[in-house]
Amino acid sequence: MWTSLLDWRRNPAAELLALYAQRWEQEIFYKELKGDLRASGPCLQSHTPLTALQELAALILASAALVDYRVAAAAVGEVGVLRISFMKTLQVVQGLWQFLTLAADFLTVAQVRLLVWRGLRRIAAMPSPKRRQRSCPRALRQPVSQWPRLRKNTYRKGPITYDIGAIYA
């Protein structure tokens, strides 16, 4: 990570790394909100600033509802919430919402709850694989430059390590 914040007393490296990780999670949220949740394209469909605000509010509320489903599915399936796919949750929930829109008045409250629980079980049954521990050694698998050849993957467990280097201008 490169930064122009050079005063290590005011900006400790561990704090900057934590902020970077938090920002990365926010960027992932924006990607999901813009690309995955909105199937209508890269632009808002609104024609006025007020309706644009309403559209954004609706997208954020829909995203919050999907987060609730992801958390509930993780609890039902006893898997980590980060292993529950946003897209798979969206697909199952969209199907469930469409079905309940058509059939809600034919079903009892207990039947609706059972359908929702089955949907959560289906989401939990499709977790993403566990991520392996990895580090990023500075080497290439096939030498095309001066970097040493990577013969064996190296993995580290434990806290993040970092070095603070000086920049000379």
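Applying the selection to the stretch 100-114, what residues are part of a helix (DSSP H, G or I) and over 19 Å from A73 (Cα atoms)? Break it down into steps so the answer makes sense when it comes.
Applying the first criterion (part of a helix (DSSP H, G or I)) to the stretch 100-114 yields 100-106, 109-114.
Selection gives T101, L102, A103, A104, D105, F106, V109.
Every listed requirement among (1) outside any helix (DSSP H, G or I); (2) of a type outside the set (S, T, Y); (3) within 25 Å of the chain's Cα centre (by Cα) is met by L6 save one, (3).
Kindly establish whether P42 is surrounded by 10 or more Cβ atoms within 10 Å (Cβ to Cβ) and at pLDDT below 85. Working first, answer last.
Numbers: surrounded by 10 or more Cβ atoms within 10 Å (Cβ to Cβ): no; at pLDDT below 85: yes.
So P42 fails the test.
For the stretch 21-35, the set of residues classified as under 23 Å from P159 (Cα atoms) and basic (K, R) consists of R23 only.
Has the stretch 46-63 got at least one residue that is polar (S, T, N, Q), over 26 Å from A124 (Cβ atoms), exposed (fewer than 10 other Cβ atoms within 10 Å of the Cβ) and at pLDDT below 80? No, there is no match, as no residue in the stretch 46-63 is polar (S, T, N, Q), over 26 Å from A124 (Cβ atoms), exposed (fewer than 10 other Cβ atoms within 10 Å of the Cβ) and at pLDDT below 80.
Any idea which of G77, G95 is closer than 17 Å to G119 by Cβ, surrounded by 12 or more Cβ atoms within 10 Å (Cβ to Cβ) and modelled with pLDDT of 90 or more? Quick ask: steps written out before the conclusion?
Details: G77 fails: modelled with pLDDT of 90 or more.
One residue alone meets the criteria, G95.
The values are calculated or read from the model by the stated rules, or taken from the named source; none is laboratory data. Predicted model, so just to flag it, every value in this text is computed and none were measured. As a convention, Cβ positions derive from the backbone with ideal geometry for all residues, glycine included, and neighbour counts pool all protein chains shown.
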